[in-house]
Each structure stands twice: as structure tokens, then as C-alpha cells.
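Report on the structure given below.
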Amino acid sequence: MSKIILAGGFGKLGLAIQAGLAETNYDIVGVLSGHSHESQYPVWTSLDQINVSADIFLDVSTPQTVFNNALWAIEHHMAVIIGATGLTDDQIDTLREKSERGVLIVPNFSLSAVLLMQFSQLAAQYFPDVEIVETHNPKKVDAPSGTAVQTAKLIAKARIEEPVKSSEGAARGQRVADVAVHAMRLPGYIAQQSVYFGGIDEQLTLTQSTTSRAAFVPGVLRALAGVEKITDLKIGLDSVL
Ligand SMILES: NC(=O)c1ccc[n+]([C@@H]2O[C@H](COP(=O)([O-])OP(=O)(O)OC[C@H]3O[C@@H](n4cnc5c(N)ncnc54)[C@H](OP(=O)(O)O)[C@@H]3O)[C@@H](O)[C@H]2O)c1
């Protein structure tokens with residue numbers, strides 16, 4: 001049974017992970033949080049309070065805290081999974097240099113989002129004309145989403161032929177790696193992304209959506225299984241699938 005320290009365990013994603021790891025082979029040995037919480041697990045509100053060892057440090061805290069937490073975990077010889085967003089390229093380089101065991105950065109734990117990106121790369125080889133529409137809750141701070149940006153970059157890399165030229169303008173979306181990306185912000189949505197491909201008299205649309213944070217748990221379980229098998233820093237759930 002692997003021992004897990006869960007950072008950010010009382011946030012929206014952290015609570016879904018707490019529920020998802022119950023009755024698995026993963027044993028949460030404590031939770032690092034911003035404030036103290038009633039819990040069946042030991043709860044620490046600073047790194048220097050942590051008084052147990054663990055195999056894996058799983059961080060779903062905040063963009064402000066994830067880097068220091070991850071450094072601490074590496075220094076304490078743990079494998080690290082980073083689900084929180086906000087690491088800069090320089091911070092990622094530092095973690096790569098310091099890593100002793102596996103460090104897995106997972107921008108998106110959703111299996112359907114990861115598969116959508118893979119399928120989109122395949123389709124882009126045959127259909128270079130493509131646009132992305134992503135829809136998230138109005139509370140989401142960034143637009144377009146990191147997943148949409150990453151999907152656009154992967155499509156651009158996978159294209160063999162140039163897309164047809166079309167008109168420009170605000171309503172034509174934001175150009176990311178020469179792919180138009182449209183972001184909608186609507187209540188009632190958590191995360192949805194559609195990739196529209198157009199060919200000669202045929203269309204292909206790929207859509208994925210997550211309707212609750214429980215959707216991230218299968219991806220978290222795959223990350224937990226994968227991180228102990230890698231020995232350096234990797235980015236993306238697909239690197240351990
Ligand atoms: N990779 C993915 O698939 C994925 C999916 C969804 C979200 N995310 C990312 O995951 C992160 C968390 O998202 P969320 O929606 O769960 O946010 P959230 O509800 O705001 O939760 C963040 C949690 O971090 C805790 N925290 C504050 N300072 C901390 C510290 N020093 N060490 C450890 N924990 C600390 C807070 O604790 P208190 O409650 O005690 O203040 C809070 O519960 C964000 O960066 C988000 O973008 C990633």
C-alpha cells in the first residue's frame with residue numbers, strides 16, 4: 001500500500017480525491033492545507049509540521065503554493081504528482097534538476113480530455129481545417145483554457161497540410177498556433193471542449209466534457225500508478241498511460 005500526502009486536500013479537487021482514494025490501495029497519511037480542518041487524517045497547515053514519511057506527494061493546492069510544496073517533497077525523497085496549475089517554465093526546470101524520483105506534472109487529470117488531444121492529433125493529419133470551442137464556468141480565470149491551448153499546439157504540430165485561409169476578426173476566435181480557439185463562459189458547465197474538423201463535404205467533431213470533479217479521479221489513480229515507474233520529470237498524464 002503506497003502512502004500519500006495530499007496537499008490541497010480540502011479544496012474542490014482535493015475533496016474529490018479524498019473520496020476517490022477511499023477503498024483503494026492508496027493510504028492518505030495526512031493532508032497539507034491552508035487552514036486547519038476537521039478530518040479523519042492528520043492535517044498540517046505548514047510544511048514544517050509534517051512528521052510522517054510518504055511514498056508520493058500529491059499536490060492539488062494553489063498556484064502560489066505548489067512550487068515550494070513540490071521542492072519540499074523532492075527534498076524529502078518522495079515521488080511527486082503536481083495537479084495544481086501555475087508553475088512557471090523556470091520552476092519546472094528547477095524541479096527537473098532537483099528531481100531524484102518521478103515527478104509527474106498533470107495539467108489535466110481528465111482521461112477524456114487527454115484522449116481528445118490524442119484523437120485530435122490523428123484527425124489533424126487528414127483534416128488540417130479545424131477550430132476549437134471550449135466552455136467553462138464563469139469563475140474560470142483564464143481564457144482560453146490551458147487544455148484548449150495545448151490541443152491547438154498539438155494540432156499545429158500534427159498537421160501535414162496547411163489549412164485554408166479564412167477571414168480574420170474578433171468573432172473568429174483567438175489564434176493559437178494558427179488554430180482558432182473560441183472560449184465560452186457559462187453557468188452550469190464545469191469543462192467542455194469540442195474540436196471541429198471540416199473536410200470536403202464531410203465534418204468530424206470531437207467533444208469531451210466533465211460534469212463533476214469526480215471525473216478527475218480515474219486520471220489521478222493512473223498518475224499514482226505511473227509516477228512510481230518513472231525516474232525523472234514528465235509532463236502530461238499521457239506520459240504514463
Ligand atoms: N490537473 C487537473 O486536472 C486539475 C483539475 C481541476 C483543478 N486543477 C487545479 O488544482 C488546483 C486546486 O483546484 P481547486 O478547484 O481544488 O481549488 P480550491 O478549491 O481553491 O482548493 C485549493 C486548496 O489549496 C489549499 N491550500 C492553500 N494553501 C496551501 C498550502 N500552503 N499547502 C497546501 N494546500 C494549500 C486551500 O486550503 P484551505 O481550504 O485550508 O484554505 C484549498 O483548500 C488549482 O491550481 C486548479 O487549477 C487541476
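Residues that are of a type in the set (S, T, Y) and touching a Phe, Trp or Tyr at 6+ places or on another chain (Cβ under 9 Å): list the strands (runs of 3 or more DSSP E) wholly contained in segment 189-241 that include at least 1 such residues.
202-210
Testing V29 on (1) within 18 Å of L221 (Cβ to Cβ); (2) at pLDDT 95 or above; (3) of a type outside the set (S, T, N, Q); (4) in contact with an Asp or Glu (Cβ under 8 Å, 6 or more places away or on another chain), one condition comes back false. Which one is that?
Tallying (1) within 18 Å of L221 (Cβ to Cβ); (2) at pLDDT 95 or above; (3) of a type outside the set (S, T, N, Q); (4) in contact with an Asp or Glu (Cβ under 8 Å, 6 or more places away or on another chain), V29 fails exactly one: (4).
I'm trying to understand the selection: among the residues of segment 88-117, which are in contact (Cβ under 8 Å) with a residue 12 or more places away in the chain, part of a helix (DSSP H, G or I) and away from the ligand (no atom under 16 Å from the Cβ)?
Listed by number, the residues that qualify are T94, R96, K98.
For L71, only one of the following conditions fails: (1) modelled with pLDDT of 95 or more; (2) away from the ligand (no atom under 15 Å from the Cβ). What is its number?
(2)
If you take the residues in segment 187-241 that are surrounded by fewer than 19 Cβ atoms within 10 Å (Cβ to Cβ) and among the aromatic types (F, W, Y), which one is nearest to the ligand (Cβ to nearest atom)?
Of everything passing the filter in segment 187-241, Y189 is nearest to the ligand (Cβ to nearest atom).
Out of (1) surrounded by fewer than 20 Cβ atoms within 10 Å (Cβ to Cβ); (2) of a type outside the set (S, T, N, Q); (3) within 8 Å of the ligand (Cβ to nearest atom); (4) more than 25 Å from T210 (Cα to Cα), the odd one out for M1 is which?
If we test M1 against (1) surrounded by fewer than 20 Cβ atoms within 10 Å (Cβ to Cβ); (2) of a type outside the set (S, T, N, Q); (3) within 8 Å of the ligand (Cβ to nearest atom); (4) more than 25 Å from T210 (Cα to Cα), just (3) comes out false.
Being within 15 Å of the chain's Cα centre (by Cα) and in a loop (DSSP other than H, G, I, E, B) is the filter here, so list the residues in segment 120-160 that pass it.
K140, D142, P144, S145
Got at least one residue in segment 48-67 being in contact with a Phe, Trp or Tyr (Cβ under 8 Å, 6 or more places away or on another chain), within 9 Å of the ligand (Cβ to nearest atom) and not assigned by TED's automatic domain parsing to the domain that holds G146?
Among the residues of segment 48-67, not one is in contact with a Phe, Trp or Tyr (Cβ under 8 Å, 6 or more places away or on another chain), within 9 Å of the ligand (Cβ to nearest atom) and not assigned by TED's automatic domain parsing to the domain that holds G146, which makes the answer no.
The values are calculated or read from the model by the stated rules, or taken from the named source; none is laboratory data. This is a predicted model, so every value here is computed, not measured. Every residue, glycine as well, gets a Cβ built from its backbone with ideal geometry; the counts of neighbours run over all protein chains shown.
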